[in-house]
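Student: Below is the structure I would like to discuss, written out as structure tokens.
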Amino acid sequence: MGSRVPEPSHRRRLLVLAICCVSLFAVAMDTTIVNLALPSIEREFSASVSSLQWTIDAYTLVLASLLMLSGSTGDRIGRRRTFQTGLVLFTLGSLLCGLAPNAALLIVFRMLQAVGGSMLNPVAMAIITNTFTEPRERARAIGVWGAVVGLSMALGPVVGGALVGAVGWRSIFWINIPVGIAALVLTALFVPESKAPRARRLDPVGQLLVIVVLASLTYGIIEAPHHGWLSGLTLGCFALAVFAAIGLVAYERRRAEPLLDPRFFASVPFTGATVIAVCGFAGLSGFLFLNALYLQTVRGFTPLHAGLLTLPSALGIFALAPLSGRLTGLRGSRIPLVAGGLGLALSGVLLAQIDADTGAVWLVVAYVVFGAGFGMLNPPITNTAVSGMPRAQAGVAAAVASTSRQIGASLGVAVLGAVVTSHIDGPFATGFPAASHIAWWIMAGCGVVVMVLGVLTTSPRAKVTAARVTEMFDEPVGAGR
């Protein structure tokens, strides 16, 4: 009898991991599945390019803004309760998106979706961290989580293309409804309730400043091609973002329990993981956004055909993300990070050569290289962030890593989309290929940054800074401020 006791516990842990991963699969895929539907949405609603950018960024921006708040809310009122609330809002938002009568309401309903999604991502990570207590087992579980997130984002265009081609663009939202209902029931049955021993106090001022920074920066970038990069509106948005960021740092330094403690960034592994997440996911979101417009608007492919052409990138992630997770657990993060940055950089160089008649073989090679690179890159991000912080702050570190992913996704669509829009000469379809070259070079630059940081964040000197931060957080709360 005694030998049977651990077995149900192990099965239950795996089931909890599966429930979290399925829910996160839907949330993460929703950041990319919409890309293949953009031309169809544009035709039905006569939407502008900036409206299409907001259809993507309204979702990722709200996610990025609320992840930290949702994580602390789960610690305070209960992680299972917060997770279930998120499932309800995400499912309801998906239903409303599928019924949206115009582009403006679609963007609003995407924001509701994201409010629910923000309650799933960090809370699921906290549930996983508390379920898998042994360090190596936890690293493998985090690797699976990272692989699921990356794979779901890569499969989004494939699934989206198939659904748009067969049923219509509204179906990409309706598929979330049965997934959300099933996850809600399984969570009630199998996920145990948990809270932090002492939850952090809420920080409404810090939360508001985070929203102002991200919203004003993203709005300024997206709208700059239409109003002018030196217009009063654009410069005002950028100035507001800078002042809000300065105010955020100054305010958070004075709080005993800040939303985002500036002292975290004294850890090189933590800071490096944050920048890596921004660069990597900026590359992913920019790649998917621009590629969807290129394949359908420039090349004239159907949504299904365009989705199938992106399948090699999904297969690359599928093949290498689990390997990266295992490699991270056994050997650390350096090799996967450097390999991922190299893949991102090489794919950017390849895509910078495309024109309106580029052959399918060249595109497939570029997509495979991108998928392999991103597959290696995503799993070690969270592990690097968590390893750079004290264990008591692991949940916060994971939430910041998740927030950085979404910030990167927002900036990728905003920056690369704005760069291309600003450089288009003549009709969109004929001017897009040449205008996209600078965007692909920017993506290659992101890959170079990832490679450099992959080495720096795993160096002995970086580990020393992480140890100093650990000692800092062993002080009484508020000490040293």
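Student: Identify the trypsin sites (Lys or Arg not before Pro) of region 86-140 meeting these criteria: DSSP loop state and at most 14 other C-beta atoms within 10 Å of the C-beta. Kindly include the intermediate steps, with their values, before the conclusion.
Tutor: Working: sites: ARG110, ARG136, ARG138, ARG140; in loops: none.
Within region 86-140, no trypsin sites (Lys or Arg not before Pro) qualify (loop, at most 14 other Cβ atoms within 10 Å).
Student: Just subtract the alpha-carbon distance of ALA356 and PHE428 from 0.36 nm times their residue separation and send over the number in nm, one decimal.
Tutor: Numbers: separation 72, 0.36 × 72 = 25.92 nm, distance 1.18 nm.
Between ALA356 and PHE428, full extension yields an extra 24.7 nm.
Student: Enter the per residue convex hull volume of the chain, computed from alpha-carbon coordinates, in Å³ rounded to the nearest integer.
Tutor: Numbers: hull volume 66.6 nm³, N = 481.
Dividing the Cα hull volume of the chain by its residue count gives 138 Å³.
Student: Okay, moving on. Under the definition of Cα pairs under 8 Å and six or more residues apart, what whole-number percent is the relative contact order of the chain?
Tutor: Details: 873 pairs, mean separation 109.1, N = 481.
Relative contact order of the chain: 23 percent.
Student: Where does the chain land at 222 nm, in deg cm²/dmol rounded to the nearest 500, when only DSSP H runs of n ≥ 4 count, each adding -39500 (n - 2.57), divided by all residues?
Tutor: Helix-only estimate at 222 nm: -26500 deg cm²/dmol.
Student: Would you mind giving the average projected area, over all directions, of the Cα convex hull of region 204-254 in nm² with one decimal? Kindly include the intermediate steps, with their values, before the conclusion.
Tutor: Numbers: hull surface 12.4 nm².
Its average projected convex-hull area is 3.1 nm².
Student: Contact order normalised by length for region 403-456, with contacts defined as Cα pairs under 8 Å and 6 or more residues apart; what percent is it? Display every interim value, and only then the final one.
Tutor: Working: 20 pairs, mean separation 15.1, N = 54.
Dividing the mean separation by the residue count of region 403-456 yields 28 percent.
Student: Here's a follow-up. When the Cα centres of region 258-314 and region 180-254 are compared, how far apart do they sit, in Å?
Tutor: When both Cα centres are located, 19 Å separates them.
Student: What is the sum of charges, Lys and Arg at +1 and Asp and Glu at -1, for the other residues whose Cβ falls under 15 Å from the Cβ of VAL213?
Tutor: Working: positive: none; negative: ASP57, ASP203, GLU252.
Overall, the nearby charge balance is -3.
Student: What distance in nm separates the two pseudo spin-label positions at ARG253 and LEU189, each 7 Å out from Cα along the beta-carbon direction?
Tutor: Label at ARG253, label at LEU189, 5.3 nm between them.
Student: Which chymotrypsin sites (Phe, Trp or Tyr not before Pro) in region 171-233 pass both tests, a DSSP loop state and at most 13 other beta-carbon atoms within 10 Å? Write out the running numbers ahead of the final one.
Tutor: On the way: sites: PHE173, TRP174, PHE190, TYR219, TRP229; in loops: TRP229.
Those satisfying the criteria are TRP229.
Student: Would you mind checking the tilt of helix 460-473 against the longest principal axis of the Cα atoms of the chain, expressed as 0 to 90 degrees and rounded to 10?
Tutor: Helix 460-473 and the main axis of the chain meet at about 60 degrees.
Student: Now for a different question. Go through the cysteines of the chain and tell me which have no other cysteine Cβ under 4.7 Å away.
Tutor: CYS20, CYS21, CYS97, CYS237
Student: Please compute the modelled spin-label separation between ILE177 and LEU456, points set 7 Å along Cα→Cβ, answer in nm with one decimal.
Tutor: Computed distance between label sites LEU456 and ILE177 equals 4.9 nm.
Student: Relative contact order for region 204-254: what percent, with Cα pairs under 8 Å and sequence separation of 6 or more?
Tutor: Working: 40 pairs, mean separation 24.2, N = 51.
Relative contact order of region 204-254: 48 percent.
Student: Also, quick follow-up: Whole-Å semi-axes of region 35-112's equivalent ellipsoid, largest first, each the root of 5 times a Cα gyration tensor eigenvalue? Present the calculation step by step, with values, prior to reporting the outcome.
Tutor: On the way: eigenvalues 166, 35, 12 Å².
Output for region 35-112: semi-axes of 29, 13, 8 Å.
Every read-out reported here was derived from the displayed coordinates using simple, explicitly stated rules and does not represent laboratory data. Fair warning: this is a prediction, and the values are worked out from it, not measured in the lab. Positions of Cβ are generated from backbone atoms using ideal geometry, with glycine treated the same way; all protein chains shown enter the neighbour counts.
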